[in-house]
1. Considering region A:57-76 alone, what residues qualify as being surrounded by fewer than 10 Cβ atoms within 10 Å (Cβ to Cβ) and in contact (Cβ under 8 Å) with a residue 40 or more places away in the chain?
2. If only one of A:A274, A:A304 is under 29 Å from A:V140 (Cα atoms), of a type in the set (A, V, I, L, M, F, W, C) and either without any contact (Cβ under 8 Å) to a residue 60 or more places away in the chain or buried (at least 20 other Cβ atoms within 10 Å of the Cβ) (or both), which one is it?
3. Name the residue, out of A:L33, A:L54, A:L29, that is part of a helix (DSSP H, G or I), touching a residue at least 40 places away in the same chain (Cβ under 8 Å) and of a type in the set (A, V, I, L, M, F, W, C).
4. Taking the condition more than 14 Å from chain A (Cβ to nearest Cβ) and aromatic (F, W, Y), does B:F34 pass?
5. Could you please give the count of residues in region B:140-174 that are over 19 Å from B:N94 (Cβ atoms) and outside any loop (DSSP other than H, G, I, E, B)?
6. Evaluate region A:230-244: report whether one residue or more is at pLDDT 90 or above, within 25 Å of the chain's Cα centre (by Cα), farther than 22 Å from A:A311 by Cβ and of a type outside the set (D, E, K, R).
7. Suppose the filter is within 14 Å of another protein chain (Cβ to nearest Cβ), at pLDDT 95 or above and either crowded, with 19+ Cβ neighbours inside 10 Å or out of contact with any Lys or Arg (no Cβ under 6 Å at 6 or more places or on another chain) (or both); does B:L159 pass it?
8. Which condition number does B:L89 fail, the rest of (1) at pLDDT 95 or above; (2) away from chain A (no Cβ under 14 Å); (3) assigned to a loop (DSSP other than H, G, I, E, B) being met?
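The values are calculated or read from the model by the stated rules, or taken from the named source; none is laboratory data. Everything quoted here is computed from the prediction, not taken from an experiment. Counting neighbours? That spans all protein chains shown, and the Cβs are built from the backbone with ideal geometry, glycine included.
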Amino acid sequence: MSVATEIIAPPPQSAAARLADGLWRRPGLVVALLLAPALLWLAVVYLGSLATLLRQSFFSLEEFSGLVVEDYTLSTYAELLQPSNFEIIKRTVLMAAAVSVASAIVGFPIAYVAARYARGAWKAAFYIAVMLPLWSSYLVKVYAWKLILAREGILTWTFGKLGLGFVLDGLLALPGVGGGSLSTSYIGTFLVFLYIWLPYMILPTQAALERVPGSLINASSDLGATPWATFRHVILPLAAPGIVAGSIFTFSLTLGDYIIPQVIGSGRYFIGQAVYVQQGTAGNIPLAAAFTVVPIVIMGVYLAVARKLGAFDAL
Amino acid sequence: MSERPAVSLSRVSRHFGLTRAMDEVDLEIAEGEFFAMLGPSGSGKTTCLRVIAGFEQPTSGEVRIFGENATGVPPYRRNVNTVFQDYALFPHMNVADNVAYSLMLRKVPKAERARQAEEALEMVRLPGYGARRPAELSGGQRQRVALARAIINRPKVLLLDEPLGALDLKLRENMQEELKSLQRRLGITFVFVTHDQSEALSMADRIAVFNAGKVIQVGAPEEVYRRPASPFVADFVGSSNILPPDFVEAVAGEKRWASLRPEQVRVTEPGDANPRLVGRVTAQSYLGATTRFAVALDGIALHAIVPAGSFQPADDGRVAIAFDRSALHFMDGPA
């Protein structure tokens, strides 16, 4: 065995080792280097484009020539409030809210079981089960759902075989959300959104629940709380940051998606489709930009309200 | 012991798969008693506490609290409160809301809740801390909040799971005295779990010594300390010297296991002592008021604790040890 005889090892010879020593002496530089790629991406590419987009939304379209007038005006935003455009915004926001609430309700029990009961192999199985849908193509899943939900699809068939066809017909006869078949109704759009975004709700909720020590649940019960009271006063408040994080995903992803409502649903536009059509075929970049600003504003308001309600108190 | 014990366990077992965390435990804890459950980690003492609290259901056996059958009764229907090892304070509530949690559940009006919470905080000497968050408190303060939260309802039985484990020595000594005086003032039955034998000896009215899921001995501190029921108890409570039957026969004429407290061992110059009792000092630790010698004798090692400065071995470390025959406590074989 060789024994190092010197108290302090001699200065390094290789460039790499000298670099390591230099960095060790300058922790600030290390932080800067770690942040640089993300900052370049986020600040320049992302925030830069966002600023340009914002600027565009204050321009307007010359009605006769179809050219963009580069003068600052609020007229494009006024256009958003026209009934036809406002309907699109309302429809999208309601859908996003419904999808977020439903995924929180459906996702919570799964996240709870995974966080509190699953251990070892069961936990691994949970992660795989939740993430597996994310491994396959989004388009394939959406079209698969179209077949499942179609009038000739397996869902209608199953309901029929079970003698529950009237339930399905009753659902589709609901005013506003119904339609000719599941694949051409808002219910269908909703179901597919719910399916596609559910993992984004489960994972943050599970992560939040994972950090709640079992002793807190015991303590609540010990102090006289029924399981329901423990859920309301301890588990839910502590899981809230995770649920809010999940709902940010489900909400904003639904606000921005333009494929699902195009493939499955009533054919009426959602914000994503409106943006797509305005900047593409219609060439109305200012209106497309203004539509894009809507989800940003909504998310800002949503986060402010969530903060006000104390959703982040447990962070 | 009163005719109706505060807590009684009869043949209670708790198995986790093949592990017998509790194996046929019988215990009776009297009303108003300060009762310690002492044992090494994994001995079943914490499981026993959790069974009394209702967090664990016994695999078999019966738990009674003040004579009423508590088997199958959920924790929220037991008039028993717990101070948790990690304190288990709700991080999203301030101190007052933590302390008044059980009152909030019972829909006590807000003003009354605040009054009672402040009163409980005064009792643990934290008046005026109600508005703070648990995260802003030191370990010792969190412990007091957990205590205030558990006693605000004046439970019939208070369970404490290693309540002082995370505190530093000075704080621990203070809290020991405070817990003692709090228990006297409230008259509540305290049941606490500890692996620290000195804590159990100094605080408890009675001690149950746990090992491998079983209760090995129940008794007053002095009894457990002076007359351990088995070599395990002798070793665990006060690190007694355990003398094997052969050695005991050679020095005392009786072929049985015996324990010998280190402070009852004298260390002297090796004069014309019994050759079995001459050995060599292998280690010497200064403990402040006393000095501990580890002495290797023929075949066994002994510890002796003598007043500091009362004896210094020669350079070769050869010493003789002596003790009174009455200091030997005979007991049954290892368990």
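1. Across region A:57-76, there are no qualifying residues.
2. Details: A:A304 fails: under 29 Å from A:V140 (Cα atoms).
That would be A:A274, the only listed residue that is under 29 Å from A:V140 (Cα atoms), of a type in the set (A, V, I, L, M, F, W, C) and either without any contact (Cβ under 8 Å) to a residue 60 or more places away in the chain or buried (at least 20 other Cβ atoms within 10 Å of the Cβ) (or both).
3. On the way: A:L33 fails: touching a residue at least 40 places away in the same chain (Cβ under 8 Å); A:L29 fails: touching a residue at least 40 places away in the same chain (Cβ under 8 Å).
None of the others qualify; the one that does is A:L54.
4. Numbers: more than 14 Å from chain A (Cβ to nearest Cβ): yes; aromatic (F, W, Y): yes.
Yes, satisfied.
5. 11
6. no
7. Details: within 14 Å of another protein chain (Cβ to nearest Cβ): yes; at pLDDT 95 or above: yes; either crowded, with 19+ Cβ neighbours inside 10 Å or out of contact with any Lys or Arg (no Cβ under 6 Å at 6 or more places or on another chain) (or both): yes.
Yes, satisfied.
8. (2)
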